[in-house]
Each structure stands twice: as C-alpha cells, then as structure tokens.
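What follows is a set of notes on a single structure, which appears directly below.
The values are calculated or read from the model by the stated rules, or taken from the named source; none is laboratory data. None of these values were measured; they are calculated from a predicted model. Cβ: placed from backbone, ideal geometry, glycine included. Neighbour counts: every protein chain shown. Quick note on the areas: whole protein, heavy atoms, side chains included, nothing else; ligands and nucleic acids left out. Shrake-Rupley method; radii C 1.70, N 1.55, O 1.52, S 1.80 Å.
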Amino acid sequence: MSKAHPWVAPPHPDKPLPREQLENRILELINSVNTCTLATVSTAGKPVASPIEYTADGLELVMLPDAGSPKLKAMERDSYVSLAIHKSHNSWSHARGAQYFGQAVILDVDTPAWTEAMEIFRWRVWAEEMEWSLDKPPPLQLVRVRPERILYTETWLWKEGYAARHTWRA
C-alpha cells in the first residue's frame with residue numbers, strides 16, 4: 001500500500017458519480033488540455049491514431065484537420081471516431097482521462113455551422129504561426145466531434161468515495 005496515497009489500495013469504491021458532477025469533471029478535463037489522439041480507420045481497414053488540436057464547445061470538440069489529410073479522408077469515408085484525452089500522470093493516485101466515441105461531422109467552408117465553429121476554434125493562433133491572414137478564418141474544413149458516449153476515468157475519485165470509471169451517454 002502507498003503511504004502517500006492509501007486510497008489507491010483495493011478494494012475500490014464503486015459508487016457512481018452523479019451525472020452533473022461527471023459532466024463538470026469531463027468539461028474541466030477537456031478545457032485544461034487542447035490535444036487529443038483521434039482514432040480513425042484507414043483504407044486498409046486498420047486503426048490509425050493521430051494527435052490533433054481541438055477546442056471544446058461544451059462536450060463537443062472542434063478540430064481543424066489538414067486539408068486532404070488521411071484523417072480527414074478517413075472521416076469522410078466513416079464518420080464514427082474514437083479519441084482519447086488525458087492528463088499526464090506518474091501514479092495511480094491521479095490517473096485521469098476521457099475516451100470519446102461518436103460522430104465526426106465535417107463542416108464545409110462558409111456554411112452556417114462552419115462559421116459558428118470558427119467563432120469557437122482558436123484559428124488566429126494557427127494563422128499567426130502559419131503566417132496566414134488574421135483578417136478572416138482560413139478557408140479550411142472543420143470537424144465537430146459529437147460524443148455518443150464518453151468513458152471518463154479519474155482515480156482521485158476513489159479518495160472521494162466514488163468509482164474511478166464512469167460512462168456518460170448522450
């Protein structure tokens with residue numbers, strides 16, 4: 001047993017976290033980092049996991065994949081995706097992350113959905129780094145991931161008397 005973190009030792013609580021608290025913990029996590037690992041399926045039917053930056057919009061995530069990239073082409077073929085977001089950790093006392101399962105909606109340039117998403121996505125940071133114009137958003141497709149299910153894990157919850165794994169469903 002850990003002297004520093006005795007709650008890590010079994011048995012672990014299995015009490016479910018109330019939905020509102022679960023949503024708040026997911027929101028805090030996804031707003032505290034800005035990259036995830038997005039999993040799609042290649043043309044050969046093999047899984048491909050790629051890092052990508054996102055901006056959270058509630059529990060949905062908005063991304064700007066490179067035009068013509070394999071991940072964008074994969075989402076055009078099959079919109080069902082999975083992704084992982086996590087904080088770094090070096091102990092079971094504070095492992096924390098979320099796995100998303102849902103639909104990737106491709107937002108075409110100059111549509112109302114694209115315009116709304118561009119107001120949320122931090123495109124000016126990209127534009128400045130890429131030496132693009134800061135006057136208007138780049139004319140690139142965005143992707144909005146709409147979760148159907150989120151598997152949230154936080155081992156610190158053991159300390160608070162709750163199970164570490166929880167499932168959120170739309």
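Considering segment 130-157, and only residues there that are crowded, with 22+ Cβ neighbours inside 10 Å and farther than 20 Å from residue 23 by Cβ, the residue that is nearest to the chain's Cα centre (by Cα) turns out to be 143.
Kindly establish whether residue 150 is of a type in the set (A, V, I, L, M, F, W, C), touching a residue at least 12 places away in the same chain (Cβ under 8 Å) and under 30 Å from residue 6 (Cβ atoms). The answer is yes for residue 150.
When segment 62-74 is filtered for residues that are outside any loop (DSSP other than H, G, I, E, B) and within 11 Å of residue 50 (Cβ to Cβ), the ones remaining, listed by number, are 63, 70, 71, 72, 74.
Residues are listed down the side, and each one gets a yes or a no for (1) within 30 Å of residue 4 (Cβ to Cβ); (2) at pLDDT below 95; (3) open to solvent by 50 Å² or more (accessible area, probe 1.4 Å):
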{"residue": "49", "(1), (2), (3)": "no, no, yes"}
{"residue": "68", "(1), (2), (3)": "no, yes, no"}
{"residue": "82", "(1), (2), (3)": "no, no, no"}
{"residue": "85", "(1), (2), (3)": "yes, no, no"}
{"residue": "93", "(1), (2), (3)": "yes, yes, no"}
{"residue": "107", "(1), (2), (3)": "no, no, no"}
{"residue": "128", "(1), (2), (3)": "no, yes, yes"}
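Just one residue in the set 117, 113 is assigned to a helix (DSSP H, G or I), touching a residue at least 12 places away in the same chain (Cβ under 8 Å) and under 19 Å from the mean Cα position of the chain (by Cα); that residue is 117.
Going by the conditions given, is residue 2 touching a residue at least 60 places away in the same chain (Cβ under 8 Å), more than 16 Å from residue 162 (Cβ to Cβ) and open to solvent by less than 50 Å² (accessible area, probe 1.4 Å)?
Details: touching a residue at least 60 places away in the same chain (Cβ under 8 Å): yes; more than 16 Å from residue 162 (Cβ to Cβ): yes; open to solvent by less than 50 Å² (accessible area, probe 1.4 Å): yes.
Here the answer is yes, as residue 2 does meet what is asked.
Within segment 107-139, the residues that satisfy the criterion of being in contact with an Asp or Glu (Cβ under 8 Å, 6 or more places away or on another chain) and over 27 Å from residue 87 (Cα atoms) are 114, 134, 139.
Going by the structure shown, is residue 53 assigned to a helix (DSSP H, G or I) and of a type in the set (Asp, Glu)? Let's see the steps before the verdict.
Values: assigned to a helix (DSSP H, G or I): no; of a type in the set (Asp, Glu): yes.
Considered against the rule, which asks whether it is assigned to a helix (DSSP H, G or I) and of a type in the set (Asp, Glu), residue 53 comes out as no.
In summary, residue 156 fulfils each of the numbered conditions (1) more than 20 Å from residue 57 (Cα to Cα); (2) assigned to a loop (DSSP other than H, G, I, E, B) with the single exception of condition (2).
Looking at segment 55-77, which of its residues are without any contact (Cβ under 8 Å) to a residue 40 or more places away in the chain and touching a strand residue (DSSP E or B) at 6+ places or on another chain (Cβ under 6 Å)? Scanning segment 55-77 gives 71, 74.
Scanning segment 21-49 for residues that are in a helix (DSSP H, G or I) and touching a helix residue (DSSP H, G or I) at 6+ places or on another chain (Cβ under 9 Å) returns a single hit, 25. The numbered conditions (1) of a type outside the set (Phe, Trp, Tyr); (2) more than 15 Å from the chain's Cα centre (by Cα); (3) part of a strand (DSSP E or B) are all true for residue 82 except (2).
When you check residue 114 against the structure, is it among the hydrophobic types (A, V, I, L, M, F, W, C), modelled with pLDDT of 95 or more and over 27 Å from residue 24 (Cβ atoms), yes or no?
When the stated conditions are applied, residue 114 passes them.
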